[in-house]
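Visitor: Could you have a look at this structure, given as structure tokens, before my questions?
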Amino acid sequence: MKLTKALLATSALVITSGSAFAESMTLVSWGGAYQASQTKAYSDPYTAANPDITIIWDESSAEAVAKLRAMNEAGNITWDLVDVEGADSIRLCDEGLAMEIDHDTMLAAAPDGTSASDDFGDSIVSDCFIPQIVFSTTVGYRLDMVGATPPTSICALFDTDAYPGKRALNKRPLANVEWALLCDGVPKDEIYDVLATPEGQDRALAKLGTIKDDVIWWSAAAETPQLLADGEIVMGSTYNGRLFAAIAEQNQPIGMLWDAQMLDFDGWIVPAGLPEDRLARVMDFLNFATDTQRLADQAAYISYGPARASSAPLVGNHADLGIPMAPHMPTDPANSQNVFVTQYEFWADYRDDIDAKFQAWLAN
Amino acid sequence: MSETTQTGPMLSADGVPLKTSLARALRRQKTRALLLIAPLLAFVIITFIIPIASMLFRSVENQIVSNTLPQTVAIVGDTTAQEASMDEMLFRVLYLDMYRAVEAKAHTRLGSRLNYEKSGISSLFRTSGRKLETVGEDFEDFFKDADSGMVKGPFWHELMQGEGGEDLLNDRLGLLTDLTSLEASGDLGFTLSGEAAALLPWAARAYADWALFTAIVDEKDVSTKKPWAGVYAALALDLADPATQSAVAAYGGSGAAELQAAVANIADMPATEFRAYFEDIDDKWVAPETWALLKVFGSQYTSGYFLNAVDMKLTPDGIEQRPDNERLYLKLFKRTLIMSMVITVSCIVLGYPVAWLLANLPMRSANVLMILVLLPFWTSLLVRTSAWKVLLQQQGVINDILVWLGFVADDSRLIMMNNSTGTIIAMTHILLPFMILPLYSVMKTIPPTYLRAAKSLGATNWTAFWRVYFPQSVPGIGAGSILVFILAIGYYITPEIVGGTDGVFISNRIAYHISSSLNWGLAAALGTILLAVVMLLYWLYDRIVGIDNVKLGG
């Protein structure tokens, strides 16, 4: 009798949760301040307008590529929308794990009528990618450890005489090898040609080798601001939003370098193979969440630039501090005097190879 | 009755021979026992053994190449890379194979697979995909000019629909099934004409590919839709052949007028030189290296991943060692084993006295001590690792104290993390309970009277410990060491956080290939090797120490 009751109760629970699931949408992001900015700018207003839809956040973007592949092989896709870096979107698109998007028909046009694909421009790095933000990997330094002449060039990373102390760099080749070649005297427009050759790769590693003993290699971007705050390092690379948070929100004695920053895009992909009803719901959300106003709204919570050109003039003030956010965007003209735009095609081709060499070099 | 008992078999009470009856009872007992564990067994097999086996299987599996470009790979297999790169026939077959793969969106997947072996293949496949269609469209335009009816669905359907082409259609269906792993369900709504297949062999193959794809994948009606541009390229291949041209002139079936109109204008048709088209798309297609790669990695199963995992590589000339600046994995395997051993030994050295104290203190203080051992055990791994970061870093607690005490100068603070030292310290601490607990449970069973007896017989403290106590605690050390060593070998979070560059393990690379590069084949190969090494060490341990000497308790 008890058993029957328990069984009944369980099946009732399954049925109700099943129907609740039908009204919900699982969004995958990176957690932390970034996800909070998405919640405030995109999902809160959306659920306010659509109270019957529940949005569930999953902080799995760091493992998204592998998990999507596992879900795809198991034939059970539980995610509806996934936030990934531009480079990962290419990989997912190549693997057939992400759905191809027709930006003009699926996304909202700009208020002035410019089509979505023109509005997003170069930030559409793959057929499956719906860009949200522009972020950059750049260098922050400890104000009280760089003396009277704070660094103005990326090559300060390699100048251990002028700026003694440890540096923090990403434990993967992207950005590091470009900076190494730039500071080894390769003209900026030839860097990727040089990097495509084994000699060029060796040259980049050799330049990095001059500071190898002074480098702490990070694998999570939060490490650099922490190391800077602790005084462990004199300078280090990380995402510009992290540095902004440390400087403006936490008042750490940290300065920021806007030189040879590596511009990168982050955005949504829709997993391939979603059933019709879920897909329809996701597309409705996407249409809302990637329109001009929403992308501009996000910049009030985090210092990443909106991916739409039409959003830039709408960027306002920081939601808590009230300071204007435009000068803190990596896309601001004053900040983007000298930038690298990540070469996705190049990295899709050379990532495996250069990474293998980079890791072997690290281990030696 | 007494006679039967003497000559026949012994019977049980119900008249069945006792032997059978006993065997039956035993069997019943065994079945019951098996049924009792059946749920657990099924659970273990389904959730543990099968996934692990299928993951390990990926280390040799390589069907993606032959499934995506089946006929191309078959031709390359019979020739040299140099000849393949010059062979016009090969590029025609490649065109059909690639076209089908592009439509199924499988070409980019193959590109990323082959990019693990050679940089640049990924973009070669990605960019070529779009351009294949352009090649076909040029031919389509020609046929449209010759007779606008040719670029409509019904023309094609009437031309190709018929009887007698079942074998060819089944062959093409097999290719599509391998590619998409979709099975044909029910009626395709299309059968291939044997006459058309004989007259226009290329076009029939391309059209069959399109029709099957449309019917099975897109689930659309074949009879009215216009085929892919690639089908026109295939038709051009046929019509470029003078033998076919004269056959078309004699042909009287459906579509004859259109075909004859096209043959009449044949001088205007774009050249059917597919090698040149592929060269235009990207000259890597005509590079012998590309074909060498497809030749080496064209087989269904490959040793390539395992060779990569031991710093070698598969080349057209056989197996080669990787150049010095690319060797990584053997070094990491060696480092993982050595550091795990160091960690195990440090756990023994630190854990043994603690376990001894636990076993010999009065109950009340032993309990407090036990909680101190267990408390960190219950704390999250990440929290403990991060706590070590706070302690060990150069501006950290330990260095601050040392500087304050004057043991080290402020400008030469010790470097205790982001290197192997950090990994060893943090992992020793994290794994210590796995050493202390088995040791403690074994020590608890050693009667203290033995030590007293030894001393009363004149042994010094050291002799009594070394000759009497220690040998009895060895099973605990064995159990603790196996636990700690095997756990240590697979750790990756702690080394990732405090290991820097010379403190990372092989598991960190496995994690990278699983979650970041998506090179699951290589990750599986590395994992298989790691598993084999652990098994080997376990076997050695069994031979040397004996697994019976391991005790986890009592």
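Visitor: Within the bounds of region B:133-151, is there any residue that is touching a residue at least 60 places away in the same chain (Cβ under 8 Å) and under 22 Å from the mean Cα position of the chain (by Cα)?
Guide: no
Visitor: Would you mind finding the one in A:Gly121, A:Gly86, A:Gly165 that is in contact with a helix residue (DSSP H, G or I) (Cβ under 8 Å, 6 or more places away or on another chain) and crowded, with 19+ Cβ neighbours inside 10 Å? It would help to see each step written out before you state the result.
Guide: Details: A:Gly121 fails: crowded, with 19+ Cβ neighbours inside 10 Å; A:Gly165 fails: crowded, with 19+ Cβ neighbours inside 10 Å.
That would be A:Gly86, the only listed residue that is in contact with a helix residue (DSSP H, G or I) (Cβ under 8 Å, 6 or more places away or on another chain) and crowded, with 19+ Cβ neighbours inside 10 Å.
Visitor: Could I ask something else about it? Do we find a residue being β-branched (Val, Ile, Thr) and in contact with a Phe, Trp or Tyr (Cβ under 9 Å, 6 or more places away or on another chain) anywhere in region B:352-365? Working first, answer last.
Guide: Initially, region B:352-365 is screened for residues β-branched (Val, Ile, Thr), giving B:354.
Applying the additional criterion that residues be in contact with a Phe, Trp or Tyr (Cβ under 9 Å, 6 or more places away or on another chain) yields B:354.
Checked against the condition, which is being β-branched (Val, Ile, Thr) and in contact with a Phe, Trp or Tyr (Cβ under 9 Å, 6 or more places away or on another chain), region B:352-365 yields at least one hit.
Visitor: Still on this model: When the residues of region B:488-516 are narrowed to those that are touching a residue at least 60 places away in the same chain (Cβ under 8 Å) and among the small types (Gly, Ala, Ser), which ends up nearest to the other protein chains (Cβ to nearest Cβ)?
Guide: Taking the candidates together, the pick is B:Gly500.
Matching residues to (1) of a type in the set (A, V, I, L, M); (2) more than 17 Å from A:Pro330 (Cβ to Cβ):
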site: A:Thr197; (1), (2): no, yes
site: A:Arg203; (1), (2): no, yes
site: A:Lys207; (1), (2): no, yes
site: A:Asp214; (1), (2): no, yes
site: A:Ala220; (1), (2): yes, yes
site: A:Ile233; (1), (2): yes, yes
site: A:Ser237; (1), (2): no, no
site: A:Ile247; (1), (2): yes, no
site: A:Met262; (1), (2): yes, no
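For every residue, the table says whether it meets (1) within 14 Å of chain B (Cβ to nearest Cβ); (2) farther than 27 Å from A:Thr39 by Cβ; (3) among the charged types (D, E, K, R).
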site	(1), (2), (3)
A:Ala260	no, yes, no
A:Leu295	no, no, no
A:Gly316	no, no, no
A:Pro327	no, no, no
A:Asp332	no, no, yes
A:Tyr344	yes, yes, no
A:Leu362	yes, yes, no
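Visitor: In this structure, does B:Ala426 turn out to be more than 28 Å from B:Ile343 (Cα to Cα) and either more than 38 Å from the chain's Cα centre (by Cα) or not in a loop (DSSP other than H, G, I, E, B) (or both)? Even if it seems obvious, please write down each step before you answer.
Guide: Details: more than 28 Å from B:Ile343 (Cα to Cα): no; either more than 38 Å from the chain's Cα centre (by Cα) or not in a loop (DSSP other than H, G, I, E, B) (or both): yes.
Spelling it out, it is not the case that B:Ala426 is more than 28 Å from B:Ile343 (Cα to Cα) and either more than 38 Å from the chain's Cα centre (by Cα) or not in a loop (DSSP other than H, G, I, E, B) (or both).
Results for (1) over 15 Å from B:Lys444 (Cβ atoms); (2) under 39 Å from the mean Cα position of the chain (by Cα); (3) surrounded by 13 or more Cβ atoms within 10 Å (Cβ to Cβ), shown as yes or no for each residue.
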{"position": "B:Pro323", "(1), (2), (3)": "yes, yes, no"}
{"position": "B:Leu332", "(1), (2), (3)": "yes, yes, yes"}
{"position": "B:Val345", "(1), (2), (3)": "yes, yes, yes"}
{"position": "B:Leu350", "(1), (2), (3)": "yes, yes, yes"}
{"position": "B:Ala359", "(1), (2), (3)": "no, no, yes"}
{"position": "B:Pro362", "(1), (2), (3)": "no, no, no"}
{"position": "B:Leu382", "(1), (2), (3)": "yes, yes, no"}
{"position": "B:Thr385", "(1), (2), (3)": "yes, yes, yes"}
{"position": "B:Lys389", "(1), (2), (3)": "yes, yes, yes"}
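Visitor: Something else now. Of (1) small (Gly, Ala, Ser); (2) assigned to a helix (DSSP H, G or I); (3) within 14 Å of another protein chain (Cβ to nearest Cβ), A:Ser117 satisfies all except one. Which?
Guide: Condition (3) is where A:Ser117 drops out.
Visitor: Need pairs with beta-carbon distance below 9 Å; first residue touching a residue at least 12 places away in the same chain (Cβ under 8 Å) and within region B:30-58, second β-branched (Val, Ile, Thr); sequence gap 6+ or separate chains.
Guide: Cβ pairs passing all conditions: B:Met55/B:Thr528; B:Leu56/B:Thr528.
Visitor: Tell me, yes or no, whether region B:128-139 has at least one residue that is within 14 Å of another protein chain (Cβ to nearest Cβ) and surrounded by 15 or more Cβ atoms within 10 Å (Cβ to Cβ). Spell out how you get there, then give the answer.
Guide: Taking region B:128-139 as the starting set, the residues that turn out to be within 14 Å of another protein chain (Cβ to nearest Cβ) are B:128-130.
Filter once more, so that each one left must be surrounded by 15 or more Cβ atoms within 10 Å (Cβ to Cβ): B:128-129.
Scanning region B:128-139, I find at least one residue that is within 14 Å of another protein chain (Cβ to nearest Cβ) and surrounded by 15 or more Cβ atoms within 10 Å (Cβ to Cβ), so the answer is yes.
Visitor: So is A:Pro111 under 17 Å from A:Ala289 (Cβ atoms) and more than 16 Å from the chain's Cα centre (by Cα) or not? Outline the logic, then answer.
Guide: On the way: under 17 Å from A:Ala289 (Cβ atoms): yes; more than 16 Å from the chain's Cα centre (by Cα): yes.
So A:Pro111 fits the description; yes.
Visitor: Continuing with the same structure: Is it true that A:Asp144 is in the same structural domain as A:Gln343 (by TED's automatic domain parsing) and either out of contact with any Ser or Thr (no Cβ under 6 Å at 6 or more places or on another chain) or surrounded by fewer than 19 Cβ atoms within 10 Å (Cβ to Cβ) (or both)? Explain how you work it out, then say what you get.
Guide: Values: in the same structural domain as A:Gln343 (by TED's automatic domain parsing): yes; either out of contact with any Ser or Thr (no Cβ under 6 Å at 6 or more places or on another chain) or surrounded by fewer than 19 Cβ atoms within 10 Å (Cβ to Cβ) (or both): yes.
The answer is yes for A:Asp144.
Visitor: I've got another one for you. Among the numbered criteria (1) away from chain A (no Cβ under 14 Å); (2) more than 22 Å from B:Phe470 (Cβ to Cβ); (3) at pLDDT 95 or above, which one does B:Ser380 miss?
Guide: For B:Ser380, the failing item is (3).
Visitor: Look at A:Thr160 and say whether it is touching a strand residue (DSSP E or B) at 6+ places or on another chain (Cβ under 9 Å) and assigned by TED's automatic domain parsing to the domain that holds A:Thr238.
Guide: Details: touching a strand residue (DSSP E or B) at 6+ places or on another chain (Cβ under 9 Å): yes; assigned by TED's automatic domain parsing to the domain that holds A:Thr238: yes.
Criteria met by A:Thr160.
Visitor: Take residues that are within 14 Å of chain A (Cβ to nearest Cβ) and tell me which of the helices (runs of 4 or more DSSP H) falling wholly in region B:266-368 contain 1 or more.
Guide: On the way: elements: B:274-281, B:288-296, B:304-309, B:329-360.
Where helices (runs of 4 or more DSSP H) fall fully within region B:266-368 and carry at least 1 residues being within 14 Å of chain A (Cβ to nearest Cβ), they are B:288-296, B:304-309, B:329-360.
Visitor: All but one of (1) surrounded by 16 or more Cβ atoms within 10 Å (Cβ to Cβ); (2) not assigned by TED's automatic domain parsing to the domain that holds B:Tyr95 hold for B:Ile49, so report the exception by its number.
Guide: (1)
Visitor: I'd like the full set of residues that are away from every other protein chain (no Cβ under 12 Å) and either under 14 Å from A:Asn338 (Cα atoms) or not acidic (Asp, Glu) (or both), limited to region A:182-202.
Guide: Just the residues of region A:182-202 that are away from every other protein chain (no Cβ under 12 Å), to begin with: A:182-194, A:200.
Scanning region A:182-202 gives A:Leu182, A:Cys183, A:Gly185, A:Val186, A:Pro187, A:Lys188, A:Asp189, A:Ile191, A:Tyr192, A:Val194, A:Gly200.
Visitor: Restricting to helices (runs of 4 or more DSSP H) lying wholly in region A:269-364: which have 2 or more residues that are surrounded by fewer than 18 Cβ atoms within 10 Å (Cβ to Cβ) and assigned by TED's automatic domain parsing to the domain that holds A:Pro51?
Guide: A:276-289
Visitor: Counting only residues that are under 21 Å from B:Val217 (Cβ atoms), give me the helices (runs of 4 or more DSSP H) lying completely in region B:70-117 with at least 2 of them.
Guide: B:70-77, B:88-103, B:107-115
Visitor: Something else now. Considering only region A:25-80, how many residues are acidic (Asp, Glu), surrounded by 19 or more Cβ atoms within 10 Å (Cβ to Cβ) and part of a helix (DSSP H, G or I)?
Guide: 0
Visitor: Next up: So which residues in region B:389-420 are within 14 Å of chain A (Cβ to nearest Cβ), outside any loop (DSSP other than H, G, I, E, B) and either under 24 Å from B:Met341 (Cβ atoms) or not hydroxyl-bearing (Ser, Thr, Tyr) (or both)? Step through it out loud before you land on a result.
Guide: First, the residues of region B:389-420 that are within 14 Å of chain A (Cβ to nearest Cβ): B:389-400, B:403, B:410-420.
From what is left, the residues that are outside any loop (DSSP other than H, G, I, E, B) are B:389-392, B:397-400, B:403, B:410-412, B:420.
Residues satisfying the conditions are B:Lys389, B:Val390, B:Leu391, B:Leu392, B:Val397, B:Ile398, B:Asn399, B:Asp400, B:Val403, B:Asp410, B:Asp411, B:Ser420.
Visitor: Under the condition of being part of a helix (DSSP H, G or I), over 22 Å from B:Ile64 (Cα atoms) and in contact (Cβ under 8 Å) with a residue 60 or more places away in the chain, which residue from region A:86-108 is farthest from the chain's Cα centre (by Cα)? Walk me through it before giving the result.
Guide: First pass over region A:86-108, keeping only residues part of a helix (DSSP H, G or I): A:86-94, A:103-106.
Keeping just the survivors that are over 22 Å from B:Ile64 (Cα atoms) gives A:86-87, A:103-106.
With in contact (Cβ under 8 Å) with a residue 60 or more places away in the chain added as a condition, the list becomes A:86-87, A:106.
On the way: A:Gly86: 8, A:Ala87: 10, A:Met106: 23 Å.
Here the residue is A:Met106.
Visitor: Within region A:93-105, is even one residue surrounded by 19 or more Cβ atoms within 10 Å (Cβ to Cβ), assigned by TED's automatic domain parsing to the domain that holds A:Asp291 and of a type in the set (Asp, Glu)?
Guide: yes
Visitor: Any idea which residue in region A:215-251 is nearest to the other protein chains (Cβ to nearest Cβ), counting only those that are among the polar types (S, T, N, Q) and surrounded by fewer than 18 Cβ atoms within 10 Å (Cβ to Cβ)? Even if it seems obvious, please write down each step before you answer.
Guide: First, pick out the residues of region A:215-251 that are among the polar types (S, T, N, Q): A:219, A:224, A:226, A:237-238, A:240, A:250-251.
Okay, now just the ones that are also surrounded by fewer than 18 Cβ atoms within 10 Å (Cβ to Cβ), so A:219, A:250-251.
On the way: A:Ser219: 6, A:Gln250: 17, A:Asn251: 19 Å.
Out of the qualifying residues, it is A:Ser219.
Visitor: Only residues that are closer than 30 Å to B:Ile398 by Cα and among the polar types (S, T, N, Q): list them for region B:414-468, please.
Guide: Passing the criteria: B:Asn418, B:Asn419, B:Ser420, B:Thr421, B:Thr423, B:Thr428.
The values are calculated or read from the model by the stated rules, or taken from the named source; none is laboratory data. All values derive from a computational prediction rather than experimental measurement. When we count neighbours, we look across all protein chains shown, and the Cβ atoms used for this are built from the backbone with ideal geometry, even at glycine.
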